[in-house]
Amino acid sequence: MSLLKRIGATPAPGESAAASPARPGTPSAVTSRPMVAREDDTFTEIKLRVQNRLISELDPKLDLSNKAKVRKQVEDAFQAILDGESIVLTRSERQRMFESIEADIVGLGPIEQLLLDTDVSEIMVNGPKQIYVEKQGKLIRTDITFSNDEHVLRIIDRIVAPLGRRVDESSPMVDARLPDGSRVNAIIRPLALNGPTVTIRKFRKDKLTINDLVRFGSMSQEMADFLGACVKARTNIVVAGGTGSGKTTLLNVLSNFIPEDERIITVENAAELQLQQDHVVSLESRPPNVEGRGEITIRDLVINSLRMRPERIIVGECRGGETLDMLQAMNTGHDGSMTTIHANTPRDAVGRIETMCLMAGMDLPARAIREQIASAVQLFVQQSRLKDGSRKVTQITEVSGMEGDVVVMQDIFVFEQTGIDERGRIIGQLRPTGVRPKFIEKFETLNIFLPPNIFGAGDRFSF
């Protein structure tokens, strides 16, 4: 039997069945405003009415930290409302309605199921009626929706409130993270014309290794061996790439090669790095409070980290004046430091670093900044998201010095696209260029040895 009409009183003419709920705790809290499930009522309408009634009767100070206890309270109240209103549901309908309501009260509503889907890497809410996900590099529109703007705003508040942050007309943008580490960005009206917009970069629970990236075709084994040796030899590395190209993932993987006996300081806007070493100090920036005070920037943290006896500094992403401080740290005894930046090629990355250094507010000539870059950064690793959704290391480029006012760079490994197969996947070759990097000489002094033909110009690694 599907949703059945209940036997009982109907609302007065013109009066909503859900209007004026009884106050919690009164004897008539469950039965004073009976609801009618007419034959033409949809599952969604009944669910919404039950949910609104349930929310009005639950303690507003409900402690959401104990999920099992909260679930039991919600389940008891849910069953009491169904029984009191004689709303008849099949077992499957009841379970589906309860799970949906529970997700709205203690979880993240309609997108809770997407967070549990291990195949989903990113969730994009473009207003209440349009939700996309990324699966295996492809964007897919789901059939999941929110009820309205207020429904989305309620979920955003649930994400940011525990972090002491807010989102409203005076502060319509916010960055946050979920308890599992997933990164969240939210922007609301009047800036977001389509309604409240939420983007969630899911936290990967299974930690990738360099062997996984080789297996996925993101890099060749030779590239992996070379990058691992560079990290062990304390080479300063900048991972460059576009949005969603996998920069942070690659930075995480490279960090696995840092020896256990080194002190590492990580600096991030939203903590995403998952370093495996024991001696790691993680720092996270802080936005201003409601009064506009108390902001701690990435630059503040990078400067402070220099006083914490770091052996390596890892900045999740350089996007402003902290870039100059990062270069100075790389130049003053903190070899083996790493960071990421947004850039489409290693050459573009040099220009981006130069621009961001100027954002530090110091009136430095361009040549002075380029000299800092040439002496601080030894290796650019270009991470790209290709048109077929795949992610690859498309260039590994050495910074070999200065010639006049130009930073001299040379590719060590490159990816060359050769075609597209019948399934639309990009075919190409990851190949060495034959260039032997200048800093390779210090590898042997550290007992790090690479195969003699690893940089051979004739080798090809196809995917």
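The values are calculated or read from the model by the stated rules, or taken from the named source; none is laboratory data. Quick caveat, the model's predicted, so the values are computed rather than measured. As a convention, Cβ positions derive from the backbone with ideal geometry for all residues, glycine included, and neighbour counts pool all protein chains shown. The accessibility values were calculated without ligands, DNA or RNA, using every heavy atom of the protein model including side chains. Shrake-Rupley method; radii C 1.70, N 1.55, O 1.52, S 1.80 Å.
Observations, loosely collected:
- The string of couplings for segment 289-301 from the Karplus curve (6.51, -1.76, 1.60, θ = phi - 60°) is 7, 4, 7, x, 10, x, 5, 10, 8, 4, 4, 4, 6 Hz, one whole number per residue in order, with x for Gly and Pro.
- Cα centroid separation - segment 350-403 against segment 69-137, whole Å: 45
- Loop-located GluC sites (Glu not before Pro) in segment 133-231 (DSSP state not H, G, I, E or B) with no more than 14 neighbouring Cβ atoms inside 10 Å: Glu169.
- Taking the Kirkwood radius as Rh and the Cα radius of gyration as Rg, segment 198-257 has a ratio of Rg/Rh equal to 0.98.
- Based on DSSP H segments of at least four residues, each scored -39500 (n - 2.57), the chain has a per-residue ellipticity at 222 nm of -9000 deg cm²/dmol.
- Eigenvalues of the alpha-carbon gyration tensor of segment 93-162, scaled by 5 and square-rooted, set the equivalent ellipsoid semi-axes at 20, 15, 12 angstrom, largest first.
- Accessible surface, 1.4 Å probe, highest first, among residues Lys205, Lys232: Lys205, Lys232
- Only protein heavy atoms count here; on that basis, with a 1.4 Å probe, Asp206 has an accessible area of about 90 Å².
- For the chain: accessible area per residue (Å², 1.4 Å): 50
- Heavy atoms of Met308 accessible to a 1.4 Å probe, total area in Å² rounded to 10: 40
- Folded to 0 to 90 degrees: helix 221-232 orientation relative to the chain principal axis, Cα: 80
- Computed about its Cα centre, the charge dipole of the chain is approximately 480 debye, with only Lys, Arg, Asp and Glu carrying charge at their Cβ.
- Eigenvalues of the alpha-carbon gyration tensor of the chain, scaled by 5 and square-rooted, set the equivalent ellipsoid semi-axes at 53, 25, 19 angstrom, largest first.
- Restraint check, Lys72/Lys202; Lys135/Lys202; Lys47/Lys69, Cα-Cα greater than 20 Å: Lys72/Lys202; Lys47/Lys69
- Placing unit charges on each Cβ (+1 for Lys and Arg, -1 for Asp and Glu) gives the chain a dipole about its Cα centre, and among Leu116, Gln328, Pro162 the Cα reaching farthest toward its positive end belongs to Leu116.
- Counting only Cβ charges, +1 for Lys and Arg and -1 for Asp and Glu, the dipole size of segment 159-305 around its Cα centre is about 340 debye.
- Counted over the chain, the DSSP beta bridges are approximately 70% antiparallel.
- Its Cα gyration tensor gives segment 102-205 an equivalent ellipsoid, and the semi-axes of that ellipsoid, as √(5λ) in whole Å with the largest first, are 20, 16, 13.
- Lysines with Cα under 28 Å of Lys438, excluding same-chain neighbours fewer than 8 positions away: Lys232, Lys247, Lys392
- Sulfur and carbon atoms: percent of accessible area, the chain [1.4 Å]: 51
- Around the Cα centre of segment 404-457, unit charges on the Cβ atoms of Lys, Arg, Asp and Glu (plus for the first two, minus for the last two) sum to a dipole of about 120 debye.
- For Val120, no residue has an amide H sitting under 5 Å from its own, ignoring neighbours fewer than 5 places away on the same chain, with H placed 1.01 Å from N.
- A Cα-only calculation for segment 306-431 places Rg and Dmax at 16.6, 56 Å.
- Ordering Ser86, Ser170 by accessible surface, largest first, gives Ser170, Ser86; the 1.4 Å probe counts only protein heavy atoms, with every chain in place.
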